[in-house]
1. Using a simple charge model, +1 on the beta-carbon of Lys and Arg, -1 on the beta-carbon of Asp and Glu, nothing else, what dipole does the chain show about its Cα centre, in debye to the nearest 20?
2. Can you figure out the FRET efficiency of E106 with R357, using R₀ = 35 Å and their beta-carbon distance, to the nearest 0.05?
3. I'd like the distance separating the alpha-carbon centroids of the stretch 10-81 and the stretch 225-249, in whole Å.
4. Given R₀ = 56 Å, what would the calculated FRET efficiency be for R189 paired with V429, taking r from the Cβ atoms and rounding to 0.05?
5. So how much slack lies between V77 and V45, counting 0.36 nm per residue of separation and subtracting their Cα-Cα distance, in nm?
6. Tell me the Kirkwood hydrodynamic radius of the chain in angstroms, computed as one over the mean inverse distance between distinct C-alpha pairs.
7. Tell me, in nm to one decimal, what length is gained between K60 and T280 on full extension, where the rule is 0.36 nm per residue of separation less the Cα-Cα distance?
8. Rounded to the nearest 0.05, what FRET efficiency is calculated for D207 and E257 with R0 set to 30 Å and r the Cβ-Cβ distance?
Amino acid sequence: MFNGSGMLVQLIKPEFEELIQAKDWVGLKDVLSDVPPVDIADLLVELDGDIAVVIFRLLKKPIAADVFSYLPSNKGVELLELFNKQQLSDVMVNLEPDEQVALMEELPGHLTQRVMNSMNLEDQKQVKKLLGYPEDSIGRLMTPRYVRIKSDWTIERSMKHIRKYAEVAETLNRIYVVDDNEFLIDDLRLTEFILADPEDVVESIMDRSFEALMAYEDQEEAVKMFAKYDRVALPVVDTDGILVGIVTVDDIIDVAEEETTEDMQKMAGMDALDDYYSQTSIFGLVKKRIGWLIVLFVGQILTALTMSGYEEILKQIVLLSYFVPLLIASGGNSGSQAATLIIRALATDDIKSDGWRKVLSREVLSGLLLGTLLGILGFITLIAWGLIGGDPLNQELILKASVVGSSLLLIVLFGNITGAMLPFLLSKVGLDPAVSSAPFVATLVDVSGIIIYFSIAVFLLSGILL
């Protein structure tokens, strides 16, 4: 087998398309028998739904379900529309409960009941229970397919129980110990049972120390827990401590990717997409982007209005206008850097939402250092500019250079503080810190930067202004 999904797909794609063209379904079945489900899904994405449905019939039922789980949501919905009741049932019964829930969340209303009716009563009950948890909660991610035992069982009895339910369990990496009321009291590695004396009771290998997720917590908390404890699976309990399911690392990888993508899109000054970029319509893209563009446009109007208030100064000292883009861009860049650092630190729990005082002191100091360095560079740049333009090195040129240098210091400092504190402020009022995006910070700094710049100009150049 070849390593690398993209390479394998490219290698078999010509043969795959040729067999479809010839309607050689037997040959196609042989070709697909050794292809991983994720690669089969890649091959199906660009096919017409009718052809994709035929190919699904060639696959073994568990493989077909795996392939379906890897399809983009819009392609999955397209195929479900074409499946007959038996095909729907075959796919749904072989999906994990969390995958069934994820699919139901994506379905249009007219298809939801049809898919639900294709499932057996037990699966329907599980899906409805999981859908009862809040959207984006850990409860929506979990699966009830795990192995649990009692502390007073012997190791031998426990191993028989594990072997009995191993096939339906999503993972055997951890075995969960519960009491008579289903309260979670421990989770144990399978190797501990293998190494223990068969006559010993489970209690003898327990330490009653475990980490668990809460079903009603946000999915982001699960990402943090998996990263912190480096686990393949974690148990999920309700508010009373009763074991209700487990979450596995493959689901967390998907959540981490979604959360990172969402944060990146929000930091770019837009609403997060509901689907992959390639699966989002032009209208959908415009809808997600236009809101913040309007907000930022209004912000730039404020910038223009602020500059118009200093029209007389600009008429008298035209040189000052040349440095406006440099100054506000430096402040915006500094603010964007600070906002990005703090948003990421909050997301990874590197800093807590109540740690703003420490962050403020750090960003004031770093802002002063950055501003001083850029201020010196700006001072030297304007002096050189003037000398190259034929101006003498006199008090007026030095004052103009001082305006630029000191403005850079204060604007960069203000940008740093604004970018660092906005995530805390938004978090405090219950908003996602990621919305303190780079464009949003830059717009704030634009307006304040112009006020700082021209206020310093009026103060230092009052002697040469008419």
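1. On the way: 38 positive and 68 negative charges, 311 e Å.
Value, rounded to 20: 1500 debye.
2. About 0.20, to the nearest 0.05.
3. 34 Å
4. Working: r = 43 Å, r/R0 = 0.77.
Calculated value: 0.80.
5. Here the segment from V77 to V45 would lengthen by 10.3 nm.
6. Answer for the chain: a Kirkwood hydrodynamic radius of 27.2 Å.
7. Details: separation 220, 0.36 × 220 = 79.20 nm, distance 3.12 nm.
Working it through step by step, the gained length comes to 76.1 nm.
8. Between D207 and E257 the formula returns 0.30.
Values in this text are rule-based calculations from the coordinates and carry no lab data. None of the values given here were measured: they were computed from a predicted structure. With ideal geometry, Cβ positions are generated from the backbone for all residues, glycine too; neighbour counts draw on all protein chains shown.
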